[in-house]
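Have a look at the structure below before the remarks.
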Amino acid sequence: KFILPKADCIRAVSLRISDSITANNYKLKTSPAVLPISIDTEKIINTTPVIDLHKKYPQFDRIILMASRLTKEKNIGLAIDAMGEIVKKYPKTGLVIVGDGPEREALKLYAIRHTLYATNIIFEGWQNDLISYYKTADLFLNTSNYEGYGLTLAEAAISSCPIVTTDIGIASELQKSGANILVCPVGDKDCLTESISRTPSSLGGAKPSLIPPTSLSEPNKGEYLKKYAESWQKCQNLI
């Protein structure tokens, strides 16, 4: 309430944030400019997977991927709850969780209580080659309570990986861009479970082709930096 009305220029990384700022009637000097986080879409599209999750985990017929910091706001416990329901119908479904954080041990214990740890849920820690993971998983899952943007959602969409997510960050923008995505209310385990179960490519069938959502990011760093510079110059002209 104090800083935004005094700002000469405002940059938001998503329409959701821009709309929330505008909706609060802060009496802004200028409307927020939306400039997403930089993603090298060409690199993602042109990268050939080095790691195949199905070869790495041949015990699973279908593999669900999560890539996230293991913190409370990511609500990964909700994903574990949903997996408890999924494996009742599809026992050879695996959830691979890539990432680390303060909640790791607590989440492992929670998975053990669900009798899912190491059998259906794998904690991998941080990985450098997420593109291979996106491209060889059957489904990308996000259960966050909130996100400013949701970089992993954009990367998964560009990698043509179907997505089930809570309604955070750029989820609604991805829907409009034509991404193969199902969106659930935050914290809704039943919706997540149902969406995972009825996503054809997550539990049977081939992945659909996907036009990369270039409206959400610039295709390379050069073009992104050019757009960033133009935004900065516009801001300078307003001051």
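Structure data summary
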quantity: Cα centroid separation, the range 100-176 to the range 47-69 (Å); calculated: 12
quantity: Computed E for I51/D190 - FRET, C-beta separation, R0 25 angstrom, nearest 0.05; calculated: 0.15
quantity: Inter-site label distance for E223 and K27 at 7 Å from Cα along Cβ, in nm; calculated: 4.1
quantity: Unmatched cysteines, the chain - criterion: no other Cβ of a Cys under 4.7 angstrom; calculated: C161
quantity: Protein accessible area in the chain, 1.4 Å probe - carbon and sulfur %; calculated: 53
quantity: Relative contact order for the range 124-176, counting Cα pairs under 8 Å that sit 6 or more residues apart, in percent; calculated: 38
quantity: Angle in degrees between helix 189-198 and the longest Cα principal axis of the chain, rounded to the nearest 10; calculated: 70
quantity: If the convex hull is drawn through the Cα atoms of the range 128-184, its volume per residue in Å³; calculated: 71
quantity: Relative contact order, percent, the range 1-65 [alpha-carbon distance under 8 Å, six or more residues apart]; calculated: 29
quantity: Relative contact order, percent, the chain [alpha-carbon distance under 8 Å, six or more residues apart]; calculated: 22
quantity: Top positive-direction residue, dipole computed over the chain with Cβ charges, set I39, S18, Y90; calculated: S18
quantity: Percent antiparallel among DSSP beta bridges (both partners in the chain, rounded to 5); calculated: 5
quantity: Label-to-label distance, nm, for residues given as A106 and A7 (7 Å Cα→Cβ offset); calculated: 3.1
quantity: Dipole magnitude of the chain, debye to nearest 20 (Cβ charges: Lys/Arg +1, Asp/Glu -1, about Cα centre); calculated: 260
quantity: Contour excess over end-to-end distance, with Cα ends at Q236 and S38 and 0.36 nm allotted per residue; calculated: 69.1 nm
quantity: Ranking by accessible area, most exposed first, for S31, S195 with a 1.4 Å probe; calculated: S31, S195
quantity: 10 Å Cβ shell holding at most 12 others, DSSP loop, chymotrypsin sites (Phe, Trp or Tyr not before Pro): longest site-free stretch of the chain; calculated: 3-125
quantity: Antiparallel DSSP beta bridges within the range 82-190, as percent of all bridges there, nearest 5; calculated: 10
quantity: Equivalent ellipsoid semi-axes - Cα gyration tensor, the range 38-84, angstrom; calculated: 25, 20, 8
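The values are calculated or read from the model by the stated rules, or taken from the named source; none is laboratory data. Please read all numbers here as calculations on a predicted model, not as lab measurements. Ideal geometry is used to build each Cβ from the backbone, glycine not excepted, and the neighbour counts take in all protein chains shown. Note: areas computed on protein heavy atoms with side chains; ligands, DNA, RNA excluded. Shrake-Rupley method; radii C 1.70, N 1.55, O 1.52, S 1.80 Å.
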